[in-house]
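Only one structure is covered here, and it is reproduced in the block below.
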Amino acid sequence: FPPFAVGEEVFDVSKDKARFKANGGKPLPAGFPGDEAAFRREYRKVGSLVVPRDFTKEQLAAFDGRDGRPVYICAKGVVYDVDPGFYGPDGPYGMMAGRDASRALARMSLDPADVENSDISDLSASERSQLEEYVAKFEMKYHRVGFLVGSGSSSTTSARATAPGAAASKPMAPVTGSSSATFLTKDRQQVELAEKVELSPDTRLFRFRLPHPEMRLGLPIGKHVKFWCPNPTPVKDGEWNGNPDPEAGKKEIERKYTPSSLDIEKSGEFDVVIKVYAGATIERFPDGGKMSQYLNTLRVGDMIDVAGPFGLIEYKGMGTFNIRRKDRKVKFVGMLAGG
């Protein structure tokens, strides 16, 4: 049974579910029910309610971990209460304490020129991707304590719009009733390759342009898209990488991918990060990967067929999943990654 808050304190009232059924997970507007001292004796305090506040650059600087103060750092406009062992005065990343570390995180840099500069407007695609990874890590590991305001930094622009509970100004899922709002219709359509970025020797970010600058892809979280390409010629007929090829004889093949960009953050384009499995580089895989090698041959301006959304699972937020068209509420999510 979820705890509930009284003022800024959170109490576990699990043993009296019936009594507090209507208040689970919510604050009590009238304060303590009955005698406060008796309530405190009866129920266990499990924490405090964190109410995000606004920080100026000068106020944030005070939270540097010195003299017993907590360590706060800012990433993309959001202020987090972070691990003092890593970001405190004696930690390996202590230079970031009490600062907007967006640029330094994106560039994985401890250069004072990056640590003291919060501008992220000139970051490369790979650096922006790195920053998103840090933000995702912070969201999972640390508490949000507020937002950086009045800094003039481009990193603060969309922080409130993407905060949990904030009114979203841009749709994350397809918008019904507007034919131009989202791109995906489950029918095959063509998109243009707008940019190809080398993230590592065998990994690329492919940025595809949608027909209109304000159009969104329309892919709910948990769903995926399909790409099509010509079926390549194998090293040995009827086989692919030394095994019988179930796609032998087909004119084209399809592969499923999940974009690395979110509708709420990007319009007019979407990003897909793919590892390219090149042929003749590993003896056991003489053919390599069919789709990844084809994508790697695309040049800016080339077109490719795409369709979606597909998939049986959709994450709707706040612990709610839609699985096979049925909503299910969960408290914890375990994740496995394979590659």
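The values are calculated or read from the model by the stated rules, or taken from the named source; none is laboratory data. All of these numbers come straight from a predicted model, not from anything done at the bench. Cβ placement follows ideal geometry from the backbone for every residue including glycine, while neighbour counts extend to all protein chains displayed. These area figures cover heavy atoms from the full protein model, side chains too; ligands, DNA and RNA do not enter into them. Shrake-Rupley method; radii C 1.70, N 1.55, O 1.52, S 1.80 Å.
Annotation: amide H of Met215 within the under-5 Å range of Gly268, sequence separation 5 or more or interchain, hydrogens built in the peptide plane. With contacts taken as Cα pairs under 8 Å and at least 6 residues apart, the range 191-256 reaches a relative contact order of 25 percent.
Packing-based ranking of 184-191, 256-263 yields 256-263, 184-191, ordered from highest to lowest mean Cβ neighbour count within 10 Å. Based on the Cβ-Cβ distance from Asn117 to Ala61, what FRET efficiency comes out when R0 is 22 Å, to the nearest 0.05? My answer for the efficiency is 0.90.
Pick out which of Ala101, Ala194, Ala37 has the largest mean-square fluctuation in a Gaussian network model of the chain, springs linking Cα atoms closer than 10 Å. Maximum among the listed residues: Ala37.
Here the Karplus curve 6.51 cos²θ - 1.76 cosθ + 1.60, taken at θ = phi - 60°, turns the phi angles of the range 103-117 into couplings of 5, 5, 5, 4, 9, 6, 10, 10, 5, x, 5, 8, 5, 8, 10 Hz, with x standing for Gly and Pro. Identify the residues of the range 85-127 with backbone N under 17 Å of a label point that sits 7 angstrom from the Cα of Arg69 along the Cα-to-Cβ direction, or state none. Only 85, 87-91, 94-101 fall inside the zone, counting backbone N under 17 Å. Cross-link pairs exceeding 29 Å between alpha carbons, from the set Lys275/Lys326; Lys57/Lys316; Lys21/Lys223; Lys186/Lys250: Lys275/Lys326; Lys57/Lys316; Lys21/Lys223. For Lys141, the aspartates and glutamates whose Cα falls under 15 Å of its own Cα, not counting residues fewer than eight places away in the same chain, are Asp81, Asp83, Glu132, Glu133. Using a probe of 1.4 Å, the accessible surface attributed to Glu36 totals some 80 Å² when neighbouring protein chains are kept in position. Taking the accessible area of the chain, probe 1.4 Å, and keeping the other protein chains in place, the carbon and sulfur fraction comes to 52%. Here the label points at Asp90 and Glu36, each 7 Å from Cα along the C-beta direction, are separated by 3.8 nm in the simple model.
Accessible surface computed residue by residue for the chain, with neighbouring protein chains in place and a 1.4 Å probe, gives 59 Å² per residue. Projected onto their three principal axes, the Cα atoms of the range 238-339 cover extents of 46, 33, 25 Å, largest first.
Measure up Lys196/Lys331; Lys137/Lys329; Lys76/Lys329 against 27 Å on the Cα-Cα distance and list the ones that go over. Pairs exceeding 27 Å: Lys196/Lys331; Lys76/Lys329. Put simply, the amide H of Thr203, placed in the peptide plane, has neighbours under 5 Å in Val276, leaving out anything fewer than 5 places away on its chain. Derived scalar couplings between HN and Hα for the range 225-242 equal 10, 10, 10, 10, 8, x, 6, x, 7, x, 5, 10, 3, x, 10, 9, 6, x Hz in order, rounded to whole Hz, by the Karplus curve 6.51 cos²θ - 1.76 cosθ + 1.60 (θ = phi - 60°), x for Gly and Pro. What would the Debye equation give as log₁₀ I(q)/I(0) for the chain at q = 0.12 Å⁻¹, counting only Cα atoms as equal point scatterers? The calculated log intensity ratios at q = 0.12 Å⁻¹ are -1.05.
Helix 125-141 and the longest principal axis of the Cα set of the chain meet at an angle near 40°. At an R0 of 45 angstrom, the distance between the Cβ atoms of Leu199 and Lys251 translates into a FRET efficiency of 0.90.
Between Asn231 and Glu252, Ile253, the built amide H atoms are under 5 Å apart, and every one of these is 5 or more places off in sequence or on another chain.
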